[in-house]
Amino acid sequence: MPKVSDIVSVTPQVLASATVAIETSGQGFIDISRHTAHFLRDAAAKDGVLLLYLRHTSASLVIQENADPDVQEDLMTALERLAPERAGWAHDTEGPDDMPAHIKAMLNGVSLNIPVAGGKALLGTWQAIYLVEHRTAPHAREIVLQFIGTKI
């Protein structure tokens, strides 16, 4: 637990926002880490926090392992087991994959907050930021990025 004397208070110098459009090719993980790195660079970010918000209810945002693609495959399998397509969902107007996609998005979430230091997102060695598409068909997705903090 930090002591009160360890806490540093800094007045934010910048609030930067952008929207990133991502075209998906159907279910799966899309690494968006480079988009966030470019945004932080363009915002002249130094220290603060990066917010990512996905403007959809049938896809999600996650921080996950970036080294072994088997992890992503196993995660997709686990989500399918938790919310299978043919489980008798009442909401099926947009197809059998729609309601399971909403459930998977609810489980994963649609926003992330990541600390930033020295202009870089403080991700772990094996971490990357992913948009996870839960629908079978390709979709156009929008992610709002915001940085609040100090600038270089």
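The values are calculated or read from the model by the stated rules, or taken from the named source; none is laboratory data. Every value quoted in this text rests on a predicted model; they were computed, and no experiment measured them. Cβ placement follows ideal geometry from the backbone for every residue including glycine, while neighbour counts extend to all protein chains displayed.
Within the stretch 1-20, residues that are at pLDDT 90 or above sit with their Cβ atoms under 8 Å from residues that are among the charged types (D, E, K, R), at 6+ positions apart or across chains, in these pairs: Gln13/Lys151; Val14/Lys151; Ala16/Asp42; Ala18/Asp42; Thr19/Glu142; Val20/Glu142. When Ala105 is tested against (1) touching a helix residue (DSSP H, G or I) at 6+ places or on another chain (Cβ under 9 Å); (2) assigned to a helix (DSSP H, G or I); (3) among the hydrophobic types (A, V, I, L, M, F, W, C), only condition (1) is not met. When restricted to residues that are under 11 Å from Leu51 (Cβ atoms), surrounded by fewer than 19 Cβ atoms within 10 Å (Cβ to Cβ) and of a type in the set (A, V, I, L, M), the stretch 115-152 contains 2. Can you find a residue in the stretch 58-73 that is touching a Phe, Trp or Tyr at 6+ places or on another chain (Cβ under 6 Å), within 22 Å of Ile129 (Cβ to Cβ) and among the β-branched types (Val, Ile, Thr)? Checked against the condition, which is being touching a Phe, Trp or Tyr at 6+ places or on another chain (Cβ under 6 Å), within 22 Å of Ile129 (Cβ to Cβ) and among the β-branched types (Val, Ile, Thr), the stretch 58-73 yields at least one hit. Only one entry in Ala37, Ala16 is hydrophobic (A, V, I, L, M, F, W, C), closer than 16 Å to Ile148 by Cβ and either more than 12 Å from the chain's Cα centre (by Cα) or not in a strand (DSSP E or B) (or both), namely Ala16.
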